[in-house]
Amino acid sequence: MQLTLEGVSCVMQLTLYDWSMPTRKTLDIDCSVANAIDLIGDRWSLLILRDAFFGVRRFDDFCEDLGISRNVLTSRLELMVEMGVLETRSYQDNPPRHEYRLTEKGRDLFDVLMALWRFGDRWEPSSDERVAIHTECGNPTHAVPTCSSCGEELTDRNVRVDPSLEIVEQRLAKVGR
């Protein structure tokens, strides 16, 4: 498009962006954390997962609870179904309607969401007063990672990665460790 005002000429270029879905990029890192981030690493996907764990199943309910646009929700749900985190189940034939259910792969993300909830409550609290209740004892609870062998709580001070990252090994070699 060209615009001319009293002898001044300006050429304008219109660029259209599709903000509904970030370009799906696979991280070029051979690491299970990177693979998981590639799968669920945007805020809408995590909030959809949160709602799915809280019992939201239907498209309109996700839309209403999250305040997410229909096109963004559609793209995220399609991706999560494609990646095997959610599955669809028909609940109405005419017109066809589906609900979204967590798969085994999706349910394995429960620990991630509980850890984010604990972190958010501690460092970025909200006015949301929801509390996780352990159904077996009836008490409020939060995520506490524990060793699958001995049951001891895991912290950054009592866990190591073996083998260590090469970059860490190089740094330790320089300081004589």
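The values are calculated or read from the model by the stated rules, or taken from the named source; none is laboratory data. Quick caveat: nothing in here was measured; it's all calculated off a predicted structure. Cβ coordinates were reconstructed from backbone atoms using ideal geometry, including for glycine residues, and neighbour counts include every protein chain displayed.
Quick check on my filter: what residues within the stretch 46-60 are closer than 14 Å to GLU78 by Cα and crowded, with 19+ Cβ neighbours inside 10 Å?
ILE48, LEU49
Within the stretch 130-147, track down each residue that is touching a strand residue (DSSP E or B) at 6+ places or on another chain (Cβ under 9 Å) and in a loop (DSSP other than H, G, I, E, B). If you could, list the steps in order and put the result at the bottom.
Step one: of the stretch 130-147, the residues touching a strand residue (DSSP E or B) at 6+ places or on another chain (Cβ under 9 Å) are 131-134, 139-141, 144-147.
VAL131, ALA132, HIS134, ASN139, THR141, VAL144, PRO145, CYS147, listed by residue number.
Could you pull out the residue among ARG97, ARG89, ARG57 that is modelled with pLDDT under 95 and basic (Lys, Arg)? Spell out how you get there, then give the answer.
Details: ARG89 fails: modelled with pLDDT under 95; ARG57 fails: modelled with pLDDT under 95.
After applying the criteria, what remains is ARG97.
Only one residue in SER127, SER90 is in contact with a His (Cβ under 7 Å, 6 or more places away or on another chain) and over 24 Å from ASP38 (Cα atoms). Which one?
Values: SER127 fails: in contact with a His (Cβ under 7 Å, 6 or more places away or on another chain).
Result of the check over SER127, SER90: SER90.
Would you say PHE53 is in contact with a Phe, Trp or Tyr (Cβ under 8 Å, 6 or more places away or on another chain), touching a residue at least 60 places away in the same chain (Cβ under 8 Å) and within 29 Å of SER148 (Cα to Cα)? Before the answer, list the steps.
Details: in contact with a Phe, Trp or Tyr (Cβ under 8 Å, 6 or more places away or on another chain): yes; touching a residue at least 60 places away in the same chain (Cβ under 8 Å): yes; within 29 Å of SER148 (Cα to Cα): yes.
Yes.
Of everything in the stretch 70-103 that's basic (Lys, Arg) and in contact with a helix residue (DSSP H, G or I) (Cβ under 9 Å, 6 or more places away or on another chain), which residue is surrounded by the most Cβ atoms within 10 Å (Cβ to Cβ)?
ARG76
Restricting to the stretch 28-44, what's the tally of residues that are more than 20 Å from GLU166 (Cβ to Cβ) and either in contact with a Leu (Cβ under 8 Å, 6 or more places away or on another chain) or among the small types (Gly, Ala, Ser) (or both)? Talk me through it step by step, then tell me what you get.
Narrowing the stretch 28-44 to residues more than 20 Å from GLU166 (Cβ to Cβ): 36-44.
Filter once more, so that each one left must be either in contact with a Leu (Cβ under 8 Å, 6 or more places away or on another chain) or among the small types (Gly, Ala, Ser) (or both): 36-38, 40-41, 44.
Residues meeting the conditions: 6.
Of the residues GLY41, GLY106, GLY120, GLY67, which is more than 30 Å from ASP28 (Cα to Cα) and either surrounded by 12 or more Cβ atoms within 10 Å (Cβ to Cβ) or at pLDDT 95 or above (or both)?
Working: GLY41 fails: more than 30 Å from ASP28 (Cα to Cα); GLY106 fails: more than 30 Å from ASP28 (Cα to Cα); GLY120 fails: more than 30 Å from ASP28 (Cα to Cα).
Going through GLY41, GLY106, GLY120, GLY67 in turn, the sole match is GLY67.
Filter the stretch 148-169 for residues that are surrounded by 10 or more Cβ atoms within 10 Å (Cβ to Cβ) and outside any loop (DSSP other than H, G, I, E, B); which is farthest from the chain's Cα centre (by Cα)?
The qualifying residue farthest from the chain's Cα centre (by Cα) is GLU169.
Please enumerate the residues belonging to the stretch 99-138 that are of a type in the set (Phe, Trp, Tyr) and in contact (Cβ under 8 Å) with a residue 24 or more places away in the chain. I'd like the intermediate steps shown before the answer.
The first filter runs over the stretch 99-138 and keeps only residues of a type in the set (Phe, Trp, Tyr), leaving 100, 110, 117, 119, 123.
TYR100, PHE110, TRP117 - these are the residues of the stretch 99-138 that are of a type in the set (Phe, Trp, Tyr) and in contact (Cβ under 8 Å) with a residue 24 or more places away in the chain.
What number of residues within the stretch 105-127 satisfy the criterion of being in a loop (DSSP other than H, G, I, E, B) and within 19 Å of the chain's Cα centre (by Cα)?
So in the stretch 105-127, the residues in a loop (DSSP other than H, G, I, E, B) come out as 108-109, 124-127.
Filter once more, keeping what is within 19 Å of the chain's Cα centre (by Cα): 108-109, 124-126.
So the answer is 5.
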